[in-house]
Amino acid sequence: MQSGKGLRMISFEAVSKHYPNGTTAVDDLTLELPEGGLTVLVGSSGCGKTTTLRMINRMVDPSAGTVRVAGRDVRDSDAAELRRSIGYVIQQSGLFPHRTVLDNIATVPLLLGWGRRKARSRAAELLERVGLEAESGDRYPHQLSGGQQQRVGVARALAADPPVLLMDEPFGAVDPVVRTQLQDELLRLQRDLRKTVVFVTHDIDEAVRLGDRIAVFRTGGRLVQCAPPARLLTRPADDFVAGFLGAERGLKLLSLTTLGEAEVPHEPVTPVRTDEPVAEIRVGGNGGSYEGTQGNWRVAVTPDGAPVGWLDAGALPAGGTAGDAGLLPLRPLRDEDSLLAALDESVSSPARAVARVDGDGVLSGVTGQAALHERAAVHHTAAATAEPAEPGGEPGAGGGRSGQEVTGTGAVRTAEATS
Amino acid sequence: MLQLLADLARWLTGPAQWQGSGGIAVRLLEHLEYSLLATLAGAVLALPLGLFIGHTRRFAFLAINLAGFGRALPTVGLVTLVFLAGGLSMWPVYVALIALAVPVIVTNTYAGMTAVDPDVTDAARGVGMTGPQVLFKVELPLALPLVMTGLRLAMIQVVSTATIAAYVSFGGLGRYIFDGLAQRDLVQVLGGAVLVAVVAVLLDLAMAGLQRSLFRNRPADAR
């Protein structure tokens, strides 16, 4: 989206919100959100992040300062019209319980006067887009699971194809597994649609996972720092931000980068096929080097070459095939998996190494713990010493995020950080 | 006692009782006319009030206190008062019946509006509905089960109280009760009372059935 580069889609100029009872929800906020970027507003409860979000679509009017969307002061627009041009997703989805899923999604197109047919066909299209079956369109919201309801909420927000999407803790009320799925889904949608997304959460892991940029708020409605996740993690502005990010900042940083991006090498190995007779397995290698692994651990693969477990070649049973021997669990890693996932796997692997697979899930080699640590440390240092991007917006936030997989958000950042 | 029941059955089923200008059929229609008109007029007055209070959350004390007020209102006293002020007409009866219906409808409408999930109204505003659109497309449909409950309650009360039309010399099923009392004809009094009760129960069942069929798609706790 070349038009989007560096353009400020949403801007806050010295915005404050005070309530009559004396509380200050937002205190003198100046912030610019680039077009096409996903900015996460994060902070503990009562820090003003939701108020900040709601000032964008005039659900809350500021006491002082100016909020602009696409350069235009929001107060110059009719509130209802402004809101129809901005997608809005809230916690608990806020779906209309008396309308079918399809009618819920068609809400904004109908308000815009699209006509029933067009609105419904658009709604059906979005239903598919957010990963729901066409049949669920005729159901009522209470007949869906919490995760499905949130998907409908996202579909409703996207129905009229607004350039801006506001999401207020949209995944806060679903269980962790579903939350991860919804986050993946959002990243996938965002790669295709490139909306300007403002996402409120109190979950720092969610922020790191989703955000191009993260704005950290503290109690009293003050913005403390707004930066890309890698920068936030390596150079928190103060103790408050550092504390909020938690003790595992280094590990969180590793979660941003994939094995492919960090160019973590792997060595070819000859695996043991599960249908191979035990008698033919020789201890100490079978033509391939097992450098990097410890002990006599070998990778066992299916006849298709997919790794299934670690085989202790030093403690084989008397007979049978390799598949009969007790295998220890193994999680194969692709280039798209994060450094953090690889580190986790290497810690739990008896061989102190991780098995790598190609796009088809076929074993391509192993990486030892030492090599992994080495690359992770190099990567960490590079991120920590990278020059800050120019103010106003990350170039990467407006440019194309080209990664094919979910953790691809890290691709652009890493490229910037290391170049 | 058995004799009384047998007399009552004979009174209710005698063909002569059902025909003519003073027959049960005519009295029944009169009674329904009074009741439905009064309930309808009550709804016309009370619904906008309840919706306004529910939508804006202003004057909520009115909606809350009106229920107690309605219960405390002496209907016969009110009929007499309006009768003394305005002379003999159906007006005193209608005023009393409407005064009975309005508080129930206002209170239930308000309760229905406040029971709408604030997240839902927030989302409705957030996607760009105007105030009236939020009211008519979201709040009212969601409040409708309780609004209808209010109408049902009002209707039952009005049907049972419409007997007072006879108190000021008009018709309806109350005729049998007041005439029976005057003539010390217990069977006639009982017959009138049974008819009023049956009408009230049947109307309530009909409204309940309507409510069920209208809201069968709602979650069980919101019908």
Quiz item: If the cut-off is 20 Å between C-alpha atoms, which lysines fall inside it for residue A:49, apart from same-chain ones fewer than 8 positions away?
Solution: A:17, A:195
Exercise. Starting from the Cα-Cα distance between residue A:251 and residue A:324, subtract it from 0.36 nm times their residue separation and give me the gain in nm to one decimal.
Key: 22.6 nm
Self-check item: Potential extension, residue B:9-residue B:65 segment - 0.36 nm per residue separation minus Cα distance
Solution: 15.8 nm
Quiz item: Placing +1 at every Lys and Arg Cβ and -1 at every Asp and Glu Cβ, with all other atoms neutral, what dipole size does chain B have around its Cα centre, in debye to the nearest 20?
Solution: 200 debye
Quiz item: Given a Förster radius of 25 Å and the C-beta distance between residue B:202 and residue B:21 as r, what FRET efficiency does 1/(1 + (r/R0)^6) yield to the nearest 0.05?
Solution: 0.55
Exercise. Note down, for segment A:132-223, the three equivalent ellipsoid semi-axes (square root of 5 times each alpha carbon gyration tensor eigenvalue), biggest first, whole angstrom.
Key: 25, 16, 12
Quiz item: What is the mean number of Cβ atoms from other protein chains located within 10 Å of the Cβ atom of each residue in peptide A:89-96, rounded to a whole number?
Solution: 5
Practice problem: State whether segment A:30-96 is rounded, prolate or oblate according to the following rule on the C-alpha gyration tensor (a ≥ b ≥ c being the square roots of its eigenvalues): a/c under 1.5 gives rounded; otherwise a/b larger than b/c gives prolate, and the remaining case gives oblate. | Solution: rounded
Quiz prompt | Prolate/oblate/rounded label for segment B:20-151 (Cα gyration tensor, a/c 1.5) | solution = prolate
Quiz item: Using Cα pairs under 8 angstrom and six or more residues apart, how large is the relative contact order of segment B:25-222, in percent?
Solution: 25 percent
Quiz item: Expressed in whole Å with the largest first, what are the equivalent ellipsoid semi-axes of segment B:85-160 derived from the C-alpha gyration tensor as the square root of 5 times each eigenvalue?
Solution: 35, 13, 8
Quiz prompt | Positive-pole candidate from A:270, B:38, B:151, dipole of the protein assembly as shown, charges at beta carbon | solution = B:38
Quiz item: What is chain A by shape, rounded, prolate or oblate, if you read a ≥ b ≥ c off the alpha carbon gyration tensor as root eigenvalues and call it rounded for a/c under 1.5, prolate for a/b larger than b/c, and oblate otherwise?
Solution: prolate
Quiz prompt | Antiparallel %, DSSP beta bridges [both residues in the protein assembly as shown], to 5 | solution = 60 percent
Practice problem: With the Cα gyration tensor of chain B in hand, give its eigenvalues times 5 under a square root as the equivalent ellipsoid semi-axes, listed largest first in whole angstrom. | Solution: 39, 21, 13
Practice problem: Evaluate the charge dipole of chain A about its Cα centre and quote only its size in Debye, nearest 20, assuming +1 on the Cβ of each Lys and Arg and -1 on the Cβ of each Asp and Glu. | Solution: 1520 debye
Quiz item: Dimensions of segment A:272-375 along principal axes (Cα, Å, largest first)?
Solution: 40, 27, 22
Quiz item: Relative contact order for chain A: what is it in percent, counting Cα pairs under 8 Å that are at least 6 residues apart?
Solution: 17 percent
Quiz item: Using a basic spin-label model with each label point 7 Å from the Cα along Cα→Cβ, how many nm lie between residue B:119 and residue A:161?
Solution: 3.1 nm
Quiz item: Measuring from label point to label point, each 7 Å out along Cα→Cβ, what is the residue A:173 to residue A:270 span in nm?
Solution: 6.0 nm
Quiz item: residue A:374 to residue A:360: extension gain in nm, 0.36 nm per residue of separation minus the Cα-Cα distance?
Solution: 2.3 nm
Quiz item: Looking at A:149, B:53, A:47, which one has the Cα that reaches farthest to the positive end of the dipole of the protein assembly as shown (charges on Cβ: Lys, Arg +1; Asp, Glu -1)?
Solution: B:53
Practice problem: Would you please state which residues of segment A:348-381 a label at residue A:302 would reach in this model, taking the label point 7 Å out along Cα→Cβ and a backbone N cut-off of under 11 Å? | Solution: A:361-362
Exercise. Can you figure out the FRET efficiency of residue A:184 with residue B:29, using R₀ = 60 Å and their beta-carbon distance, to the nearest 0.05?
Key: 0.35
Quiz prompt | Mean ellipticity per residue at 222 nm, deg cm²/dmol - from DSSP H runs of n ≥ 4 across chain B, formula -39500 (n - 2.57) | solution = -25000 deg cm²/dmol
Quiz item: Which value at 222 nm does chain A reach when only helices count, each DSSP H run of 4 or more adding -39,500 (n - 2.57), with the total divided by all residues and rounded to the nearest 500 deg cm²/dmol?
Solution: -9500 deg cm²/dmol
Quiz item: Tell me, A:93, A:16, A:63 in order of fewest to most beta-carbon neighbours within 10 Å?
Solution: A:63, A:16, A:93
Quiz item: Among the helices of chain A (complete DSSP H runs), which have Cα atoms covering no less than 27 Å along the helix axis and a Kyte-Doolittle mean of at least -1.0?
Solution: none
Quiz item: Which order do A:261, A:135 fall in if you start with the one that has the fewest other Cβ atoms within 10 Å?
Solution: A:135, A:261
Quiz item: Roughly how crowded by other chains is peptide A:107-116, in terms of the mean Cβ count from those chains within 10 Å of each of its Cβ atoms?
Solution: 2
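Where a number appears in this text, it was derived from the coordinates with a stated rule and is not lab data. The model shown is predicted, which means the values in this text are computed figures rather than measured ones. Backbone-built Cβ (ideal geometry, glycine too); neighbour counts: all protein chains shown.
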